[in-house]
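**Q** Okay, handing you the structure first.
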Amino acid sequence: MVLAIMVFASPASAAMRFQERSLYMLSTEPGVTTSYTVSFQYMSQLSVGSVDLLFCDDPIPYHPCATPPGMSVANAELTEQAGETGFSITQKSTNHLVMSRPLQMVTANTPSSYTFTNIKNPTNNDISFSIRLRSHASQNATGPQIDFGSVKGQTQTGITIQTQVPPMLIFCLAQEVEYNCTGTNDIYYSNMGELSPNSTLTARSQMAVGTNASGGFAITANGGSVSAGTSVIDGSPVPIESRPGTNQFGLNLVANANPVVGENPEGEYANAVASPDYSIPDKYKFVDGDVVAFSPNVSLMKKYTVSYILNSRADLPPGVYSTTINYIASGRF
């Protein structure tokens, strides 16, 4: 019987692989000029004077190196370094960089990183590219290598997500409306009853409004006097209390006690308000075209209850008295 014992020994100078290797690209857009941060961990506790970085399609160190199409590191600058430091760029070409420093012992297992600016990305985003890394004792990246390895990256056209918020004005009007304008009772007519010098006739309607306009909104009340043929009850030109026995027509947008009618505006947006002349409890006004509610900026949503009063003198000619009030909401975009 013959016993053969084979002993394999690695030379003390055998190269080791860099560990914890990574490449961070600030932008992966094809063809743009950006910055790269190359990180790795030195493994051999030996003196290092240079690090060679070769940019190729293929990461295998003994394969021919083809420069990634469109890539250039000829204008690269070393702007940051951590871990093993003291390097500067001493050689550079289209696809090759050499960092050098005075010969210095490295601490084994030392994580290090190097940031380069002014690198032009490859223009081909179909395939990845590589950076072949080698450390040397010499200051010009010649002679035996100490540690080696590769990192890979790839360019990729990003997905652009774009949207916009369209101008928006929400407005609804009826005898009763939902706060957010999702519905109304579809009633747009009110019979106030029979005129009498001894009592005040009342009615009400509601409206809700909201807008994303930077200048807010304005609501105007537009219409004529209450009339029956040539007999007219004019609107009050200034806010005044209800006066039975006089010819008086007016409205406001708040809760009232005399007579009992109306509600205060509903909604959390404090910037959307009834106009000053139409926000005084128990005082009523109507002037054709007046702004009755507004906001100076964005307001979503606000609900208003409009209260109407009608008084008449004893000598008012008989007839059917009516008017139509149109409300117009405008956004200040």
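The values are calculated or read from the model by the stated rules, or taken from the named source; none is laboratory data. Note that the coordinates shown come from a computational prediction; the quantities given were computed from them, not determined experimentally. Cβ coordinates were reconstructed from backbone atoms using ideal geometry, including for glycine residues, and neighbour counts include every protein chain displayed.
**Q** With 111, 166, 102 as the choices, which residue is more than 24 Å from residue 75 (Cβ to Cβ) and modelled with pLDDT of 95 or more?
**A** Matching residue, one of 111, 166, 102: 102.
**Q** Let me ask another. Restricting to segment 98-149, name every residue that is over 20 Å from residue 45 (Cβ atoms), touching a residue at least 40 places away in the same chain (Cβ under 8 Å), of a type outside the set (S, T, N, Q) and loosely packed, with under 14 Cβ neighbours inside 10 Å.
**A** 127
Residues checked against (1) within 28 Å of the chain's Cα centre (by Cα); (2) among the charged types (D, E, K, R); (3) outside the structural domain of residue 221 (by TED's automatic domain parsing); (4) more than 15 Å from residue 253 (Cβ to Cβ):
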site: 291; (1), (2), (3), (4): no, no, no, no
site: 296; (1), (2), (3), (4): yes, no, no, yes
site: 304; (1), (2), (3), (4): no, no, no, no
site: 309; (1), (2), (3), (4): no, no, no, no
site: 312; (1), (2), (3), (4): no, no, no, yes
site: 315; (1), (2), (3), (4): no, yes, no, yes
site: 321; (1), (2), (3), (4): no, no, no, yes
site: 324; (1), (2), (3), (4): no, no, no, yes
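**Q** Same structure again: For segment 67-93, which positions are closer than 22 Å to residue 56 by Cα and either over 39 Å from the mean Cα position of the chain (by Cα) or of a type in the set (S, T, N, Q) (or both)?
**A** Passing the criteria: 67, 72, 75, 88, 89, 90, 91, 92, 93.
**Q** When you go through 287, 298 one by one, which is the residue that is among the aliphatic types (A, V, I, L, M) and more than 22 Å from residue 179 (Cβ to Cβ)?
**A** 287
**Q** Right, something else. Taking into account only those residues within segment 244-297 that are touching a strand residue (DSSP E or B) at 6+ places or on another chain (Cβ under 6 Å), free of Cβ contacts under 8 Å to residues at least 60 places away in the same chain and farther than 23 Å from residue 312 by Cα, which is surrounded by the most Cβ atoms within 10 Å (Cβ to Cβ)?
**A** 274
**Q** Out of curiosity, is residue 218 touching a strand residue (DSSP E or B) at 6+ places or on another chain (Cβ under 6 Å), touching a residue at least 24 places away in the same chain (Cβ under 8 Å) and in the same structural domain as residue 175 (by TED's automatic domain parsing)?
**A** So residue 218 fits the description; yes.
**Q** Could you tell me whether segment 80-94 includes any residue that is over 24 Å from residue 142 (Cβ atoms) and in contact with a strand residue (DSSP E or B) (Cβ under 7 Å, 6 or more places away or on another chain)?
**A** The answer is yes; a qualifying residue exists.
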